[in-house]
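The values are calculated or read from the model by the stated rules, or taken from the named source; none is laboratory data. Fair warning: this is a prediction, and the values are worked out from it, not measured in the lab. Ideal geometry is used to build each Cβ from the backbone, glycine not excepted, and the neighbour counts take in all protein chains shown. We work out accessible area using only protein heavy atoms, side chains counted, and drop any ligands, DNA or RNA first. Shrake-Rupley method; radii C 1.70, N 1.55, O 1.52, S 1.80 Å.
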Amino acid sequence: PYVPHPRIRYFTLSQVTIAKEVRSILLSDLSQNHTARELAERFQIGETSLKNYFRGVFGENLSVWLREARMRRAAELLQAGEVVGIPTETVYGLAANAWDEEAVRRIFVAKGRPQDNPLIVHIADREMLYEVAARVPEQALALADAFWPGPLTIILPLGPKVADAVCAGLDTVG
């Protein structure tokens with residue numbers, strides 16, 4: 001008799017349909033912060049089963065999809081001038097587009113933060129230093145290479161793209 005390979009899974013049409021509907025929901029409705037639990041409840045199946053269907057049909061991890069959907073939504077909100085909550089290496093914080101003066105001011109209002117207390121600019125990679133700072137000394141690059149990613153703030157001369165509110169009147173940016 002035929003014995004299937006233990007790593008090969010077969011899915012019923014309804015299981016494939018559920019996986020495809022979940023993917024469709026995630027792609028079409030970025031404004032919602034969906035969770036695997038909520039989606040599993042919607043389809044009246046277990047969370048682990050849903051994750052297995054998704055991985056089996058698409059070869060991808062549902063948790064990764066959900067995280068990426070949340071990141072895409074946060075990026076949309078930031079580009080639209082909104083403030084979002086984000087995890088950093090050490091704490092959760094409020095974020096806004098550092099180039100958008102009004103969005104940055106909303107952080108100060110939301111937190112009740114004094115206007116003379118500068119914000120830290122979080123950047124995606126070392127190359128963004130050149131967008132944030134007027135000049136980037138070799139020592140700063142060496143520190144970035146040694147300690148990033150990680151919770152290291154480098155104080156540099158303020159570049160022209162950064163909103164004035166970020167630096168609270170200082171001529172440096174962190």
Which ones in segment 23-44 are at pLDDT 90 or above and touching a helix residue (DSSP H, G or I) at 6+ places or on another chain (Cβ under 7 Å)?
36, 37, 39, 40, 43
Looking at the structure I just gave you, is residue 165 without any contact (Cβ under 8 Å) to a residue 40 or more places away in the chain and part of a helix (DSSP H, G or I)?
no
I'm checking my understanding of the structure. Among residues of segment 143-155 that are free of Cβ contacts under 8 Å to residues at least 12 places away in the same chain and open to solvent by 60 Å² or more (accessible area, probe 1.4 Å), which one is nearest to residue 167 (Cα to Cα)?
143
Within segment 17-44, restricting attention to residues that are open to solvent by 40 Å² or more (accessible area, probe 1.4 Å) and among the hydrophobic types (A, V, I, L, M, F, W, C), which residue is farthest from residue 87 (Cα to Cα)?
43
Please go through segment 87-112 and pick out each residue that is exposed (fewer than 13 other Cβ atoms within 10 Å of the Cβ) and either of a type in the set (Lys, Arg) or more than 30 Å from residue 53 (Cβ to Cβ) (or both).
88, 89, 90, 91, 92, 102, 109, 110, 112
Of (1) closer than 23 Å to residue 90 by Cβ; (2) assigned to a loop (DSSP other than H, G, I, E, B), residue 145 satisfies all except one. Which?
(2)
Scope segment 36-77; condition closer than 20 Å to residue 13 by Cα and in contact with a Ser or Thr (Cβ under 8 Å, 6 or more places away or on another chain); matching residues:
40, 51
Give just the number: which of (1) surrounded by 13 or more Cβ atoms within 10 Å (Cβ to Cβ); (2) of a type outside the set (Gly, Ala, Ser); (3) not in a helix (DSSP H, G or I) does residue 78 not satisfy?
(3)
Pull up segment 113-142, narrow it to residues that are of a type in the set (Gly, Ala, Ser) and in a helix (DSSP H, G or I), then point me to the one that is surrounded by the most Cβ atoms within 10 Å (Cβ to Cβ).
140
